[in-house]
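Okay, so here's the structure we're looking at.
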Amino acid sequence: MPNSASAKKRLRQNVVRRARNRSLKSSVRTQMKKVIAAAEAGDVAKAEEEFKIAAKKLDQAGSKGVFHKNSTARKKSRLQRIIMKAKSAG
């Protein structure tokens, strides 16, 4: 339990930021699942549309420090590879 005023403020900030980060992470993960689901279903056009949204969300999360920039690049790369695999299969 914080005692000083600055520690109390820091705790309040951490609570708000944690909630914001969790929300962003959840949103990104959901969008990634949509891309994967569309690709596995063979709907390449839908997968590409969902990927555009996912890439934007990943970049935003990376710029805010929710994910490391290399982590966002890796996730985008893996999603692209899944889409390319679906394209070649279908």
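The values are calculated or read from the model by the stated rules, or taken from the named source; none is laboratory data. Just so you know, these numbers come straight off a predicted model, no measurement behind them. Neighbour counts are summed over all protein chains in view; Cβ atoms, including those assigned to glycine, are modelled from backbone coordinates with ideal geometry. In case anyone asks, the SASA skips ligands and DNA or RNA and just uses the protein heavy atoms, side chains included. Shrake-Rupley method; radii C 1.70, N 1.55, O 1.52, S 1.80 Å.
Based on the alpha carbons, how large is the Rg to Rh ratio for the chain when Rh follows Kirkwood? Don't skip to the end; give the middle numbers.
Working: Rg = 17.5 Å, Rh = 14.5 Å.
That ratio equals 1.20.
Using only the alpha-carbon atoms, how far is helix 5-40 inclined from the longest principal axis of the chain? Give it as 0 to 90 degrees, nearest 10.
The answer is roughly 10 degrees.
For the pairs 64/85; 33/85; 9/76; 56/87; 8/75, flag any whose C-alpha to C-alpha distance is greater than 26 Å.
Too far apart for the 26 Å limit: 64/85; 9/76; 8/75.
Projecting each Cα onto the charge dipole of region 1-88 (Lys/Arg +1, Asp/Glu -1 at the beta carbon, about the Cα centre), which of 28, 55, 7 comes out farthest on the positive side?
The Cα lying farthest towards the positive end belongs to 7.
Suppose all protein chains stay in the model; what accessible area per residue would a 1.4 Å probe give for the chain, in Å²?
73 Å²
Can you give the angle from 0 to 90° between the axis of helix 69-89 and the longest principal axis of the chain, with both taken from C-alpha atoms, to the nearest 10?
The angle comes out near 20 degrees.
Compute, for residue 82, the solvent-accessible surface of its heavy atoms (probe 1.4 Å) with the complete set of protein chains present, and express it in square angstrom to the nearest 10.
60 Å²
Using the Cα centre of the chain as the reference point, and only Cβ charges (+1 on K/R, -1 on D/E), how large is the resulting charge dipole? Debye, rounded to the nearest 20.
Here the size comes out at about 660 debye.
For the chain, take the longest principal axis of its alpha carbons; what is the angle in degrees between that and the long axis of helix 44-63, to the nearest 10 within 0 to 90?
20 degrees
So what is the relative contact order for the chain, in percent, with contacts set as C-alpha pairs under 8 Å and at least six apart?
28 percent
Only Cα pairs within less than 10 Å get springs; with that Gaussian network setup on the chain, which residue of 16, 35, 44 has the largest fluctuation?
Ranking 16, 35, 44 by mean-square fluctuation puts 16 first.
Take residue 5 and residue 85, extend 7 Å from each Cα along the Cα→Cβ direction, and tell me the distance between the two endpoints in nm.
5.7 nm
Report in % the part of the accessible area of region 34-90 that belongs to carbon and sulfur, leaving out ligands and nucleic acids; probe 1.4 Å.
In region 34-90, the share of accessible area belonging to carbon and sulfur is 52 percent.
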